[in-house]
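Below: one structure, written as structure tokens.
The values are calculated or read from the model by the stated rules, or taken from the named source; none is laboratory data. If you're wondering where the values come from, they're calculated on a predicted model, not measured in any experiment. Positions of Cβ are backbone-derived with ideal geometry, glycine not excepted, and every protein chain shown enters the neighbour counts. Each accessible area value is taken on the protein alone, full model and side chains, heavy atoms only, with ligands, DNA and RNA left out. Shrake-Rupley method; radii C 1.70, N 1.55, O 1.52, S 1.80 Å.
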Amino acid sequence: DPKIIQKPKYLVAVTGSEKILICEQYLGHNAMYWYRQSAKKPLEFMFSYSYQKLMDNQTASSRFQPQSSKKNHLDLQITALKPDDSATYFCASSQGTGASAETLYFGSGTRLTVL
Amino acid sequence: QEKVQQSPESLIVPEGAMSSLNCTFSNSASQSIWWYQQHPGKGPEALISIFSNGNKKEGRLTVYLNRASLHVSLHIRDSQPSDSAVYLCAVRYGSSGNKLIFGIGTLLSVKP
């Protein structure tokens, strides 16, 4: 059974609309993350949360807003969608954030296409 | 801006052969280097990590790290068709947070 659940698996949106990507983890981890993988580009760090608090934000645009309603949830709200936002968005988690040995576990991703 | 580069872009090896993948990074202050495996339509899965200069072996996997040359390699012994996937090199910097800088990956195909 997948331990990190991302919903939906595929998402098609029109330019200018707003979408929410869902992520829940059942690993008992305290830290959660969002990464983005665009075509022909490396996997790119977006946000990290620890105990539901924002730790790091590498996303320049305020159109991307993480939302953590519970310790094991980290949703990603994207507003005013643009075609350049088309990518696969991966949620990840780890036990903590402080140790260099922390393994990052990834979900299967939400593939977003903006028309 | 830290960068991670991987080579080759793609690699085809016969079943049973050794697969060798390379990764260079831009800053010797990296904390740890990770190798992830990614199958189509799936998220990356951690395979092996290394923190100190030298080598580390786990099963069929061996990783070599040379901080002076900013180079790390992954070797897969007795490659199997099930090893066919994209292999991602990732570097962790900093003492806090778990931000990984990823390379674009090497596509490995193991032919029966």
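The table for this structure:
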read-out	value
Percent accessible area from carbon and sulfur atoms, chain A, protein chains only, probe 1.4 Å	51
Peptide A:44-53, shielding by other chains (average Cβ, 10 Å cutoff)	2
Per-residue HN-Hα couplings for segment B:98-109 [Karplus 6.51, -1.76, 1.60; θ = phi - 60°; Hz; x = Gly/Pro]	10, 6, 10, 9, 9, x, 7, x, 10, 8, 9, 10
Average other protein chain Cβ within 10 Å of Cβ, residues B:35-42	3
Whole-number D in µm²/s for segment A:7-60 (Stokes-Einstein; Kirkwood sum over Cα pairs; 25 °C, 0.890 mPa s)	185
Over 16 Å [Cα-Cα, segment B:44-104], rounded percent	52
Size of the B/A contact, given as accessible area buried on both chains, probe 1.4 Å, in Å²	1700
Exercise: per-residue mean of other protein chain Cβ atoms within 10 Å, B:99-106	5
Per principal axis, descending, Cα span of the protein assembly as shown in whole Å	49, 38, 35
Antiparallel %, DSSP beta bridges [both residues in the protein assembly as shown], to 5	90
For chain B, built as a Gaussian network whose Cα springs stay under 10 Å, the top-fluctuating residue of B:ARG77, B:ARG60, B:ARG92	B:ARG60
Cα Rg, Dmax (largest Cα-Cα span) when computed across segment B:1-83, Å	13.1, 39
